[in-house]
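Here is the structure we will look at.
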Amino acid sequence: MNMQTNLNQLEPQSLVDAFIKHPPETFKVQNSQDFLPFFYTNFNLLTTLDVPLRKKIESAWGYPYWGRLLYLSTCFMGTTVTEYTPLSNRFKVEDITQKLKENAQKQSLTIIKDLPLNSPLLTAEENRYSCELIESAEKMGFLSVEGQALAYVPIDFENREEYLSRLSKSRRKNLKRKLKSLDELQIETLDTGHDRFLDESFRQELYQLYLAVYTQSDIHFDLLTASFFDDILQNSLSKAKVFLYSKNQKLIAYNICYEFQDKLIDKYIGLNYPLSTEYNIYFISWFINLDYAKQRGLKFYVAGWTDPEVKEKLGAKFTFTRHLVWIRQPVLRFILGKLRHFFESDSHWHTKIQDIQS
């Protein structure tokens, strides 16, 4: 039996269950009634490094050989399909950190990932619990590393025009030009569990578009499987929406979003390159999702972790997370402790943006 978490979830439990049943390639997921979900994988230490520095290291002489040393056996608490680490108030925070530290003797790294920091998307109880967990873990020797920037938009505008009016004149002009592509597209919205998703060839087409996005991404960590997508696309109880974008009956892109509680959570996008770029799907889907959230009377649109620079220009706000890292080897713990600021690129970017705006 699996542990049912009740803290920090912006998504329905069905998404967590799909992750547990169909983990990403190379992941070994563990979940039971007596502890929270966690998974094992070989983790490349350069994954969250500032992109320019990472590429410089990867281009160094002999990297294909000595770079293998940067892959460490790692235990992560949490999932890669939820915005935050799902927790349960059944446990005392000291029990969580103690159990993970005991388990850490078997792994080179142990990481409690994506703990919220005063998130406006969560309750006071959830934020307090995460704060206590961070404090407890730091006292036990976990390194605290600034996490990524989660983009979100409060649905506090009357319509698209009012939303655009809050942006700069140049951005409004640019976005209105991109939105003209709407006139050439057919947009269809399906509930997961729809009969269309019984068609294996259609699901495979959607998966190939997801792979296209994964391949061109700068970060390759969790490669989700076709079985995972089969599960979520055929789940009629999850209240997920699939927005399909087509041109002359040819599928250009799709976007899977979950309507949960008072939020629309943007989870997965698949893109047919270069058509999706030609028709400005990234920007169009942003406004289609905002329109949907407004029509449904939701309070927030949550737009995910990637591309914070682009999302900031689209009007997003940001909330940050904290990762807690236990490193078994004392020497490596000392070295990474001194270098951890190199792994906090989103935080550096956000500080720079705030300095410019102040």
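Per residue, the chain exposes 48 Å² of accessible surface when a 1.4 Å probe is rolled over the protein heavy atoms with every protein chain present.
Of all accessible surface on the chain at a 1.4 Å probe, what whole percent is carbon and sulfur?
On the chain, the fraction of accessible area on carbon and sulfur atoms equals 52 percent.
Which of Q249, Q98, Q234 moves the most in a Gaussian network model of the chain with Cα springs under 10 Å? Among Q249, Q98, Q234, the largest mean-square fluctuation in the Gaussian network model of the chain belongs to Q249.
Cα-based radius of gyration for region 1-112, normalised by 2.2 N^0.38 Å, reads 1.22. Highest mobility in the GNM of the chain, judged by mean-square fluctuation with C-alpha springs under 10 Å and restricted to N127, N235, N248, is found for N248. Mean separation of Cα pairs under 8 Å and 6 or more residues apart, divided by the residue count, gives region 164-298 a relative contact order of 28 percent. Label positions at D34 and S201, each projected 7 Å from the Cα along the C-beta direction, are separated by 5.1 nm. Given R0 = 25 Å, the distance between the Cβ atoms of D291 and Q13 translates into a calculated FRET efficiency of 0.35. Return the calculated 222 nm mean residue ellipticity for the chain, to the nearest 500 deg cm²/dmol, obtained by summing -39500 (n - 2.57) across DSSP H runs with n ≥ 4 and dividing by the residue count. The per-residue figure over the chain is -11500 deg cm²/dmol. Our summary of shape: the Cα atoms of region 88-235 have principal axis extents of 57, 44, 30 Å, ordered from largest down, in whole angstrom. Note on the chain: Cα Rg divided by 2.2 N^0.38 Å, N the number of residues, gives 1.01.
Along the chain, the longest continuous region that contains none of the GluC sites (Glu not before Pro) in a DSSP loop with at most 13 other C-beta atoms within 10 Å is 159-358.
Per residue, how big is the convex hull around the C-alpha atoms of region 158-231? Give it to me in cubic angstrom, could you?
Values: hull volume 13.1 nm³, N = 74.
For region 158-231, the hull spanned by Cα atoms encloses 177 Å³ per residue.
Plainly put, region 20-60 has a radius of gyration that is 1.20 times its Kirkwood radius, both from alpha-carbon atoms, as the Rg/Rh ratio. Could you compute the FRET efficiency for K250 and K139, with r as their C-beta to C-beta distance and R0 at 56 Å, rounded to 0.05? Using R0 = 56 Å, I get an efficiency of 0.50. Region 272-311 gives an Rg/Rh value of 1.04, both radii derived from C-alpha positions and Rh following Kirkwood. Cα centroid separation, region 1-59 to region 163-210: 27 Å. Scattering from region 91-134 was approximated by placing one identical point on each alpha carbon and applying the Debye formula without solvent; log10 I(q)/I(0) at 0.23, 0.25, 0.34 1/Å stands at -0.81, -0.89, -1.18.
Pulled fully out, how much extra length does the chain show between N103 and S73, if you take 0.36 nm times their separation in residues and subtract their Cα-Cα distance?
Details: separation 30, 0.36 × 30 = 10.80 nm, distance 1.24 nm.
Result: 9.6 nm gained on full extension.
Our estimate of slack between D218 and I187, defined as 0.36 nm per intervening residue step minus the Cα-Cα distance, is 8.3 nm. Across the chain, C-alpha contacts under 8 Å between residues 6 or more apart give a mean separation that, scaled by the residue count, equals a relative contact order of 26 percent. Restricting to region 249-328, compute how many DSSP beta bridges are antiparallel as a %, nearest 5. Percent antiparallel among DSSP bridges in region 249-328 is about 75.
The values are calculated or read from the model by the stated rules, or taken from the named source; none is laboratory data. Keep in mind it's a predicted model, so treat the numbers as computed, not measured. FYI the Cβ positions are ideal-geometry reconstructions off the backbone, even for glycines, and counts take in every protein chain you see. The accessibility values were calculated without ligands, DNA or RNA, using every heavy atom of the protein model including side chains. Shrake-Rupley method; radii C 1.70, N 1.55, O 1.52, S 1.80 Å.
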